[in-house]
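Here is the structure we will look at, set down as structure tokens.
The values are calculated or read from the model by the stated rules, or taken from the named source; none is laboratory data. No experiment lies behind these values; they were computed from the predicted model shown. Every residue, glycine as well, gets a Cβ built from its backbone with ideal geometry; the counts of neighbours run over all protein chains shown. For accessibility, only protein heavy atoms count, side chains too; no ligands or nucleic acids. Shrake-Rupley method; radii C 1.70, N 1.55, O 1.52, S 1.80 Å.
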Amino acid sequence: MLAVRFTELTLATAESLLEADDHTAAIAACRRLLAHDPFVEPAYEVVAAARLAAGDSAGAHRAFRECERLFEGELDIRPTWILNASGVHSLRHVW
């Protein structure tokens, strides 16, 4: 229960930081979360969005690929945000 609450609060914080254009802090919050649980899919989405918003398309691409490799390699599934039309649309020009 505590882990779920930690995840929820950390993601909410990261999303708020992203909206406030504090990309570095949003990425750092997500990276701390992913260090505890590498399967928190929305954290990769926030990292990619923050990198893209900061003008780092290569970093957004790395976040996308990192998530994809982990989920496909460990769980044999594609992350759902990668399949989401809005996510694909926002990341399409990255590669």
Calculated volume of the Cα convex hull per residue in Å³ (choose from (1) 102; (2) 91; (3) 210), label:
(2)
How much area per residue is accessible in the chain when the probe is 1.4 Å and only protein heavy atoms are counted (Å²)?
59
For the chain, which whole percent of the accessible surface, found with a 1.4 angstrom probe, sits on carbon and sulfur atoms?
56
Starting from 0.36 nm per residue, how many nanometres of slack lie between Asp22 and Ile77 once their C-alpha separation is accounted for?
16.7 nm
Env charge @ His23, Cβ radius under 9 Å, K,R +1 / D,E -1, value -2
